[in-house]
Amino acid sequence: MQHSTTLTKVACIASLVIGVLSAVFAFSTKIPVYAVTAGAIATVIGLVSLYIGRKNIDDMQLATAGIFMSVVSCLIGLWQLYN
């Protein structure tokens, strides 16, 4: 198992925080396009973090959780857009 650097930890934790914030924003906004956009940006950040933290399973779990939350944000926005 490879140890993670400070940059890797910060990137993966940022992915999680941004993913959660985008999901919260998707629930609170009345404009679905903003929710989809925030989710898409958070997904890209999560994928970059996943690539950076690919050598440590703990970092990958954090980045994956962020990606999951950003996908939830996109789905909420799409649901609001089409309903």
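The values are calculated or read from the model by the stated rules, or taken from the named source; none is laboratory data. Being a predicted model, the structure only gives us computed values, none of them experimental. Protein only, heavy atoms only, side chains kept; ligands, DNA and RNA dropped before computing areas. Shrake-Rupley method; radii C 1.70, N 1.55, O 1.52, S 1.80 Å.
Summary of values
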{"read-out": "Fraction of accessible area attributable to carbon and sulfur, the chain (%, probe 1.4 Å)", "value": "76"}
{"read-out": "Distant-in-sequence amide H partners of LYS55 (H built 1.01 Å from N, under 5 Å)", "value": "none"}
{"read-out": "The chain - percent relative contact order, Cα under 8 Å, separation 6 or more", "value": "44"}
{"read-out": "Phi to ³J(HN,Hα) by Karplus 6.51 cos²θ - 1.76 cosθ + 1.60 over segment 10-22, Hz, x for Gly, Pro", "value": "5, 5, 6, 5, 4, 4, 5, 5, 5, x, 5, 5, 5"}
{"read-out": "Estimated 222 nm signal from helices in the chain, with DSSP H stretches of n ≥ 4 weighted -39500 (n - 2.57), rounded to 500", "value": "-29500 deg cm²/dmol"}
{"read-out": "The chain - accessible surface per residue (Å², probe 1.4 Å)", "value": "62"}
{"read-out": "Rounded to 10°, Cα long-axis angle of helix 57-82 versus longest principal axis of the chain", "value": "10"}
{"read-out": "Cα shape, the chain, gyration tensor, a/c 1.5 rule", "value": "prolate"}
